[in-house]
Every structure is written in structure tokens, then in C-alpha cells.
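The values are calculated or read from the model by the stated rules, or taken from the named source; none is laboratory data. Every value quoted in this text rests on a predicted model; they were computed, and no experiment measured them. Cβ sites come from the backbone with ideal geometry, for glycine too, and all protein chains shown count toward neighbours.
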Amino acid sequence: MTIVLKLGGSVVTEKEAPETVDDAALSQAADDIAETDEAVVVVHGGGSFGHHHAAEYGVSTTAGTTNPAGVSAIHGAMKRLNDAVVTALTEKGVAAVPVHPFSAASRDADGTLDLPTNQVRTLLAEGFVPVLHGDVVAHRSEGATVLSGDELVVELAPAVEADRVGVCSTVPGVLDDDGTVIDRITAFDEVASALGGSDATDVSGGMVGKVKALLSLASTASVFGPEALSAFLAGDTPGTTVDGGKTK
Ligand code: IPE
């Protein structure tokens with residue numbers, strides 16, 4: 001069984017305080033990950049490490065910068081967070097190793113991502129837990145743009161033939177109009193109105209984009225909060241199950 005797990009930036013950092021790890025939350029997540037014997041690829045978001053540097057230099061997933069200081073500021077902050085995540089996992093006995101997307105990935109002018117994944121597959125086969133992160137990425141005609149953790153999940157899940165995908169964020173699942181967790185989503189139409197309609201844009205990687213991306217995967221995905229991470233890793237389907245019906 002292979003699992004791709006995204007830890008949202010707001011789960012592992014204190015989002016309001018620049019470059020501050022939420023030590024208690026990260027340590028709990030590391031404990032939960034240490035409990036599973038499955039092959040896991042971890043992807044974490046930016047939280048208070050990536051986003052304010054990206055905002056300072058005006059960089060998003062579509063608007064780039066050619067300022068090397070901007071690239072280094074965003075990438076450097078994300079490497080510091082990645083180091084904290086890898087260290088927390090290592091301290092709990094997880095065979096975690098860092099993988100930095102900026103060193104390998106690129107985008108075409110139309111935004112299409114090219115992410116080499118051989119090293120991730122090989123690391124998994126050798127028993128490691130690769131830990132990737134949202135980052136900056138070389139982007140033809142834009143300089144460098146933000147690469148979100150959600151995009152990495154969508155690229156990695158088919159590349160490692162993931163059986164399950166978990167998206168752990170600060171909400172307990174995909175919420176409907178009343179704030180109730182939606183149990184299961186099999187098509188975007190079912191939730192379009194609750195999520196603000198199919199035209200809603202969310203370049204920041206909000207729920208609309210997440211759900212659309214997860215529906216396109218062959219792996220069944222779960223969206224849940226930190227309190228359900230251990231249940232997810234034990235094989236449960238907490239929060240919202242997103243299953244677009246595609247098979248591997
Ligand atoms: C953002 O990654 C990475 C940078 C800002 C460099 P995500 O968009 O996946 O981060 P979170 O999970 O929303 O914080």
C-alpha cells in the first residue's frame with residue numbers, strides 16, 4: 001500500500017507568525033506517521049514560511065519573478081520548514097529524507113508542470129519516506145512561480161501508483177453550505193454550489209481547486225483534519241472521501 005499525504009502549511013506552522021513551526025502539531029503528526037508501516041510520501045505546504053515571502057515578491061502559481069533574491073527567499077524559507085518536518089519525523093524513527101522540488105521541476109510557458117519522479121520512486125522502493133514541499137519552480141516566460149503542495153500531490157499520486165491520498169488541513173473535511181462535512185464526493189457538480197460554483201477561482205489552492213484535482217486522480221482521496229490523521233493512516237476514511245471513479 002502506498003500513500004501520498006499532504007500536510008497543509010497551516011497544520012504544521014503557526015500561520016500568523018512568520019516562519020514559526022507549530023511544534024506540538026508537527027510532533028503529533030510525526031507520531032501518527034511513525035505508527036504506519038505503509039510506504040508514505042509526505043508533501044507539506046508553506047504556511048507561515050512560504051506565503052509571506054511569495055506575497056512580498058508578488059509571486060503566485062501564475063505570476064512569476066525574475067528576482068533571484070525572491071527565489072532564494074521563498075526557496076530558503078521552504079527548505080527551513082522542510083528541515084523542521086524531516087527532523088521531527090526522524091526523531092520519531094521515520095526514515096524521512098528531504099526532496100526539494102525547485103532543484104528538479106519546471107513549468108512550460110502554459111504552466112504545465114514537469115516533475116521528475118524517479119528519485120521519489122526509488123527512495124520509496126528503498127524504504128525511505130520522501131518529504132517534498134511547496135516551493136518555487138522555474139517557469140518559462142515567467143521566471144519562477146510558486147509550486148503548491150497540492151500540485152505536487154496530483155503529480156506524485158500517479159507517479160508512485162498511490163493507493164490512497166490524504167489531504168490533512170485545518171478543517172475536518174470539505175464543508176457544505178451549513179458547515180457540515182460532506183461524506184463523499186464523486187463529481188464536482190454535487191458540490192459546486194456548496195463550494196461557490198464551478199467558476200470560482202482559487203489560485204491560493206483553496207477547496208475548489210483541491211476537490212477538482214482530487215477528482216481527477218485514480219487514487220481515492222480523503223480530506224480531513226489533524227485529529228483524524230492517525231485514523232486515516234490506519235486505513236479509515238475520515239472526513240470527506242473524494243473518488244472520481246477513475247481506476248488505475
Ligand atoms: C505553498 O504551498 C508553497 C509556497 C508558498 C512557496 P501550499 O499552497 O501547498 O501551502 P499551504 O498548505 O496552503 O500552506
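Note down all Cβ pairs under 8 Å where the first residue falls in segment 80-97 and is more than 19 Å from Thr13 (Cα to Cα), the second is of a type in the set (Lys, Arg) and buried (at least 22 other Cβ atoms within 10 Å of the Cβ), and they're at least six residues apart or on different chains. Partner pairs satisfying both residue conditions: none exist.
Checked against (1) over 28 Å from His100 (Cα atoms); (2) surrounded by fewer than 23 Cβ atoms within 10 Å (Cβ to Cβ); (3) in contact with a Leu (Cβ under 9 Å, 6 or more places away or on another chain), Ala192 passes all but a single condition, namely (3).
State yes or no: is Asp108 at pLDDT 95 or above and of a type outside the set (Val, Ile, Thr)? Spell out the reasoning first.
Values: at pLDDT 95 or above: yes; of a type outside the set (Val, Ile, Thr): yes.
It is true that Asp108 is at pLDDT 95 or above and of a type outside the set (Val, Ile, Thr).
Among the helices (runs of 4 or more DSSP H) confined to segment 147-239, the ones with at least 2 residues that are under 25 Å from Leu123 (Cα atoms) and either away from the ligand (no atom under 16 Å from the Cβ) or modelled with pLDDT of 95 or more (or both) are located at 149-159, 229-233. Among the residues of segment 80-100, the ones that are crowded, with 21+ Cβ neighbours inside 10 Å and assigned to a helix (DSSP H, G or I) come to 6 in all.
In segment 1-24, the qualifying residues are those that are outside any strand (DSSP E or B), among the aliphatic types (A, V, I, L, M) and within 13 Å of the ligand (Cβ to nearest atom), and the one that is farthest from Leu89 (Cα to Cα) is Val11.
Note on segment 129-141: residues that are surrounded by 19 or more Cβ atoms within 10 Å (Cβ to Cβ) and away from the ligand (no atom under 15 Å from the Cβ) total 2. Only residues that are over 16 Å from the mean Cα position of the chain (by Cα) and of a type in the set (A, V, I, L, M) were counted in segment 98-131, giving 5.
Can you confirm whether Asp176 is surrounded by fewer than 14 Cβ atoms within 10 Å (Cβ to Cβ), out of contact with any Asp or Glu (no Cβ under 9 Å at 6 or more places or on another chain) and more than 16 Å from Leu5 (Cβ to Cβ)?
Details: surrounded by fewer than 14 Cβ atoms within 10 Å (Cβ to Cβ): no; out of contact with any Asp or Glu (no Cβ under 9 Å at 6 or more places or on another chain): yes; more than 16 Å from Leu5 (Cβ to Cβ): yes.
No.
If the condition is being surrounded by 24 or more Cβ atoms within 10 Å (Cβ to Cβ), away from the ligand (no atom under 12 Å from the Cβ) and either part of a strand (DSSP E or B) or of a type in the set (Ser, Thr, Tyr) (or both), then segment 25-59 contributes Val40, Val41, Val42.
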